[in-house]
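Only one structure is covered here, and it is reproduced in the block below.
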Amino acid sequence: MATARLDQKRHALVRAVPNSFTDALANFFGSGPSDLGMARLAHKKYCSILEDNGVKVTVIPADDDYPDCIFVEDQAVIIDGHVLLPALMAPSRRGEQQVVADAIIEELSGHKVCKMYHPAVMDGGDLLRFGDLFFVGRSTRTNDAGITELRDLLDHLGYELRTVDIPDNALHLTSLASTPTDTTLLAPLGYLDESAFGELPNGGEIIWIPEEEAYGCNTLGLPNGKVLVADGYPTVAAELESRGLEVVIIDMEQIRAADGSLTCLSLFL
Ligand code: CIR
């Protein structure tokens with residue numbers, strides 16, 4: 001998930017790959033997963049990398065009624081222990097949320113949970129945290145009413161929120177951008193223009209990546225300075241390594257085929 005600071009990434013919720021994963025929605029980066037075995041292998045590898053790097057991983061069982069259920073990032077927004085359950089735009093994904101919400105509530109007992117209702121809509125994948133600054137994608141999955149509700153929560157927490165318009169050829173903000181550290185933002189040229197994020201606070205840097213490596217811009221930074229990067233995006237890997245970060249490469253082919261990226265697969269509690 002893209003709403004945790006690096007130091008908050010100690011416990012991740014993930015959801016196992018359902019037998020129906022080959023029916024997952026795919027309209028952007030992918031044309032649909034074709035190999036369930038490879039998808040499961042990639043998911044297992046993802047969980048082991050987190051565990052090997054000191055992150056506790058809790059796995060929610062899969063539900064074959066929900067082909068996209070591995071993408072837990074979309075089902076909840078967790079900011080400093082405050083939980084917002086967004087209303088999902090995609091009808092086939094709405095039923096995924098209750099089980100994820102129950103798992104969060106069990107782990108974070110005592111924290112306040114807010115629920116968003118239609119016509120406000122939002123996918124958690126439209127949120128990106130950059131230290132104390134947040135970005136939200138205005139996309140086919142997140143509308144202005146949803147952004148207003150998110151803004152209420154962030155105002156309450158004292159954080160700034162900026163809106164980024166997502167082009168029609170992309171799903172989410174996190175499909176295009178990530179913050180491998182609390183002061184570094186990766187984004188692709190071509191999809192977003194160089195003023196999309198505004199002026200960053202002191203010490204912040206945007207690394208612009210060539211358009212053909214747009215998918216690779218979704219990375220997952222860990223508290224120990226390692227960064228997960230999808231296999232096949234050499235410019236992304238080289239830019240991070242040149243800044244002293246240790247890159248861990250993972251094969252995301254089957255996850256990408258369902259328009260999913262690294263951050264989509266986890267929620268940090
Ligand atoms: C969908 O279209 O909803 C899924 N196939 C992909 C969701 C990816 N989630 C994310 O980027 N946060």
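The values are calculated or read from the model by the stated rules, or taken from the named source; none is laboratory data. In this text the structure is predicted, and so the values were computed from the model without any measurement. Positions of Cβ are generated from backbone atoms using ideal geometry, with glycine treated the same way; all protein chains shown enter the neighbour counts. Areas reflect the complete protein model, heavy atoms only, side chains present, ligands, DNA and RNA absent. Shrake-Rupley method; radii C 1.70, N 1.55, O 1.52, S 1.80 Å.
Per-structure values
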read-out	value
Cubic angstrom per residue, convex hull over Cα atoms of region 156-230	113 Å³
Cα-based Rg / Dmax (Å) for region 1-86	13.8, 37
Region 116-269 pair-distance distribution - Cα-Cα, 10 Å bins, rounded %	11, 42, 36, 10, 0
Where only alpha carbons of region 1-145 are counted, the Rg and the Dmax (Å)	15.1, 42
5 Å-binned pair-distance histogram of the chain (Cα, whole percent)	1, 6, 14, 19, 22, 19, 12, 5, 1, 0
DSSP beta bridge pairing in the chain, given as percent antiparallel to the nearest 5	35 percent
Packing-based order for 247-258, 73-84, using average beta carbon neighbours within 10 Å, highest first	73-84, 247-258
Sequence ranges 194-207, 114-127, ranked by mean other-Cβ count within 10 angstrom, highest first	114-127, 194-207
Neighbour net charge for Val72 - beta-carbon separation under 9 angstrom, K R +1, D E -1	-2
Simple Cβ-charge dipole of the chain, Lys/Arg +1 and Asp/Glu -1, about Cα centre, in debye nearest 20	600 debye
Rounded accessible area per residue of the chain, 1.4 Å, Å²	39 Å²
Heavy-atom accessible surface of the chain: percent carbon and sulfur, 1.4 Å	47 percent
Region 189-269: Cα Rg divided by the 2.2 N^0.38 Å rule of thumb	1.13
Protection proxy ranking, peptides 49-62, 170-183, average beta carbon neighbours within 10 Å, highest first	170-183, 49-62
For region 6-268: lysine pairs under 26 Å (alpha-carbon distance), excluding those fewer than 8 apart on one chain	12
Amide hydrogen neighbours beyond the local backbone of Val247, cut-off 5 Å, H modeled	Val227
